[in-house]
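Written out below as structure tokens is the structure these notes cover.
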Amino acid sequence: MLTKRIIPCLDIKNGRTVKGVNFVELRDAGDPVELARRYAKFGADELVFLDISATIEGRKTMRNMVANIAQHINIPFTVGGGISSIADVDDLLHCGADKVSINSSAIKRPDLINELSDKFGNQCVVIAIDAKQIEGEWTVHLAGGTIPTQMNLFDWAEEVEGRGAGEILFTSMNNDGTKTGFANDALAKLSETLNIPIIASGGAGNAQHFIDVFKEGKADAAIAASVFHFGEIEILDLKKELKNNNIEVRF
Amino acid sequence: MNVVIVDYGAGNIKSIQFAFKRLGVDAVHSRNIEILKTADKIIFPGVGEASSAMTMLKESGLDQVIPELKQPVLGICLGMQLMCNYTEEGNTKGLEIFDVDVKRFKTGVKVPQMGWNTITDLKSDLFKNIKDLEFMYFVHSYYAAYCEAMIATANYEYLYASALKKDNFYGVQFHPEKSSVAGEQILKNFLEL
């Protein structure tokens, strides 16, 4: 049976992990490859690397880093952040990335989704959507959640599926960073309306939140950052807990 | 060990090369017929859309070369599907190595199947030291139906062939190069065939 996926997300700036990572046994907690290796060894099903470098130099470093990760890591990984063209994607896939995550540039030019899906196959096109619920309405936001658009989450999600997205990575801005659980109602609606896998992001604080996101939110995968980075949740323990709650996971 | 990855423009060649590198083998990629014929082992990868991949194979004449190869050949994902008779994707005629058709998952499940699923009914040295119900990483929207050439099955909407074998030809629907330690064991087994 296909299992639910647990995915740690690493923020990368100029080739280094940022936002704080706290593993005593690591020689260098800032080195994304070391971290990736640890996560791969201790139960992560996939990894996401989010490039938050703003400089051209940072982007070049990112390419080298992707190649370095691909050489050492034997599970799939997605790279996101600032990807806006076929050439960008071609580059990252050639360095060994398995999937790319596209957010703002898909909103600015939706045809990009069709082009990427046609050229590289939908399996490597993850569309990330940041949305915020304002007075009951889920509104899509641009540029790392800083700029609101006129678009509704569910309409946009349906459109990106139609254009050839292979997966949707939905981050609830209301839940992100709160550690109070995922946006399960919106996730369940996405999962029931769409026919592609939904990755849940934003709000993980404890194991129960993961149980809920799979049972109530009907998500196919769940992403978290700080609870994993700071060792608050060990992935293998989490998976045991999920298994005890009749959620299929991989060991 | 001389391992050659068939390079016809469709495939995640880098990931496969890196996976062999981790096993201490430098796999080269080539579309040169002589290089392919003299290799010890051949990997036939594939990612993307079936009909355009088949067009690329035909343009390079590889559609004639691959079925004639005598050494062990391992098709991965779309590579395996192209070795079948026919695939519904782009209404494409395959290389007719495995006597089975490839169909699309219908509506009962999310498509593509994306993630870790178990393989079972393991029936080949390719799966030496692999336990029943081991997890493998799958990404696909089409599947090879239950058939005689099957050496492993998986379950997603239907029970289907997750690996195939005929003579020196092997095919796996999952990605051993991305399937952690167990995937590495399968690649190692292939090298030892």
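The values are calculated or read from the model by the stated rules, or taken from the named source; none is laboratory data. Quick caveat: nothing in here was measured; it's all calculated off a predicted structure. Here the Cβ is made from the backbone with ideal geometry for all residues, glycine too, and neighbour counts use every protein chain on show. Quick note on the areas: whole protein, heavy atoms, side chains included, nothing else; ligands and nucleic acids left out. Shrake-Rupley method; radii C 1.70, N 1.55, O 1.52, S 1.80 Å.
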Calculate how many DSSP beta bridges within the stretch B:3-192 are antiparallel, expressed in % of all such bridges and rounded to the nearest 5. 60
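Decide, for the stretch A:74-173, between rounded, prolate and oblate: order the square roots of the alpha carbon gyration tensor eigenvalues as a ≥ b ≥ c, take rounded if a/c falls under 1.5, and otherwise choose prolate if a/b is larger than b/c, else oblate. Numbers along the way, then the final one.
On the way: a/c = 2.02, a/b = 1.80, b/c = 1.12.
It is prolate, given that a/c is not under 1.5 and a/b is the larger ratio.
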With every protein chain left in place, what is the accessible area of A:M151 in Å² (1.4 Å probe, nearest 10)? 50
How much accessible surface area, in Å² rounded to 10, belongs to the heavy atoms of B:H29 with a 1.4 Å probe? 90
Apportionment of accessible area to carbon and sulfur, the stretch A:5-244, percent (1.4 Å): 47
Ranked from the most accessible area to the least, with a 1.4 Å probe and all protein chains present, what is the order of A:K41, A:K189? A:K41, A:K189
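Ordering B:R31, A:R5 by accessible area with a probe of 1.4 Å, largest first, what comes out? Provide the component values of the computation, followed by the final result.
Numbers: B:R31 115, A:R5 0 Å².
My answer, sorted largest first, is B:R31, A:R5.
How do B:M54, A:M1, A:M173 stack up against each other in accessible area, from largest to smallest, with a 1.4 angstrom probe?
On the way: B:M54 5, A:M1 125, A:M173 55 Å².
If we order B:M54, A:M1, A:M173 from most to least accessible, we get A:M1, A:M173, B:M54.
Measure up B:K70/B:K123; A:K119/A:K215; B:K41/B:K178 against 24 Å on the Cα-Cα distance and list the ones that go over.
Values: B:K70/B:K123 21 Å; A:K119/A:K215 35 Å; B:K41/B:K178 19 Å.
Result: A:K119/A:K215 exceed 24 Å.
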Scan the stretch A:30-136 for GluC sites (Glu not before Pro) in coil per DSSP, keeping those whose Cβ has at most 11 other Cβ atoms within 10 Å, and list them by number. A:E135
Chymotrypsin sites (Phe, Trp or Tyr not before Pro) in the stretch A:211-248 lying in a DSSP loop, each with at most 16 other Cβ atoms within 10 Å of its Cβ, come to A:F230
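At 0.36 nm per residue, minus the direct Cα-Cα distance, what do B:Y86 and B:L133 gain on full extension? Give it in nm, one decimal, please.
On the way: separation 47, 0.36 × 47 = 16.92 nm, distance 2.82 nm.
Stretched out fully, the B:Y86 to B:L133 stretch lengthens by 14.1 nm.
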Per residue solvent-accessible surface (Å²) - the protein assembly as shown, probe of 1.4 Å: 39
Please work out how much accessible surface B:D167 shows to a 1.4 Å probe, ignoring ligands, DNA and RNA, in Å² rounded to 10. 110
